[in-house]
Amino acid sequence: MNFNLDSTDKKILKYLTKDARTKVVDIASSIGVTSAAIHQRIGKIKRSGVIKRFTIHLNARKLGYTTTAFVGVFIDKNSSYQKVLEKLIPIKEVVEVHYTTGKYGLFIKLYTGDNDHLMHVLNGEIQKIKEITSTETFMSLEESLSRSVSL
């Protein structure tokens with residue numbers, strides 16, 4: 001479903017991307033429309049799929065996950081993607097999985113407590129998946145930017 005955002009929809013989304021907890025009444029007051037209209041528009045935007053979900057972004061380091069890594073995954077054949085994905089989903093350290101073009105079949109992001117924990121996840125879980133032929137790991141030194149797409 002293709003969805004065209006008008007200027008009011010974009011204003012609403014700008015408020016929500018800054019803070020998804022922004023009250024409908026506050027958005028309505030700032031934009032100059034009724035709360036009911038804002039509520040209806042948010043519902044319409046959600047149904048269109050433009051808003052994937054409302055969530056919080058936790059600080060991984062504050063929770064003890066001091067190592068962030070990206071892993072390029074080589075799979076035996078492209079048709080194995082879904083099988084590999086199903087086996088990666090239960091690994092709690094894996095937070096993103098991307099099916100990619102180029103060198104890797106998949107590119108994943110994961111958080112671990114430290115380098116030993118990373119080694120355990122790589123050797124003991126990810127690399128034991130039958131359809132994975134090899135991996136290449138990149139460690140993040142710092143997350144310098146994280147944001148939603150712009151409008």
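Here are the numbers for this structure:
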{"read-out": "Residue match in region 79-93 (condition: among the β-branched types (Val, Ile, Thr) and not in a helix (DSSP H, G or I))", "value": "yes"}
{"read-out": "Within region 11-34, considering residues that are among the β-branched types (Val, Ile, Thr) and assigned to a helix (DSSP H, G or I), the one nearest to ILE56 (Cα to Cα)", "value": "THR17"}
{"read-out": "Residue in region 57-76 that is surrounded by the most Cβ atoms within 10 Å (Cβ to Cβ), counting only those that are in a loop (DSSP other than H, G, I, E, B) and either in contact (Cβ under 8 Å) with a residue 12 or more places away in the chain or small (Gly, Ala, Ser) (or both)", "value": "TYR65"}
{"read-out": "Selected residue [surrounded by 14 or more Cβ atoms within 10 Å (Cβ to Cβ) and touching a Phe, Trp or Tyr at 6+ places or on another chain (Cβ under 7 Å)] from ILE27, ILE42, ILE31", "value": "ILE27"}
{"read-out": "Any chance THR8 is assigned to a loop (DSSP other than H, G, I, E, B) and free of Cβ contacts under 8 Å to residues at least 60 places away in the same chain", "value": "no"}
{"read-out": "Qualifying positions in region 23-56 - under 18 Å from VAL149 (Cβ atoms) and not aromatic (Phe, Trp, Tyr)", "value": "ILE42, ILE45, LYS46, SER48, GLY49, VAL50, ILE51, LYS52, ARG53, THR55"}
{"read-out": "Residue list for region 17-30, restricted to those being modelled with pLDDT of 95 or more and within 21 Å of ASN4 (Cβ to Cβ)", "value": "ILE27"}
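The values are calculated or read from the model by the stated rules, or taken from the named source; none is laboratory data. Being a predicted model, the structure only gives us computed values, none of them experimental. A quick note on method: Cβ atoms are made from the backbone with ideal geometry, for glycine too, and the neighbour counts reach across all protein chains shown.
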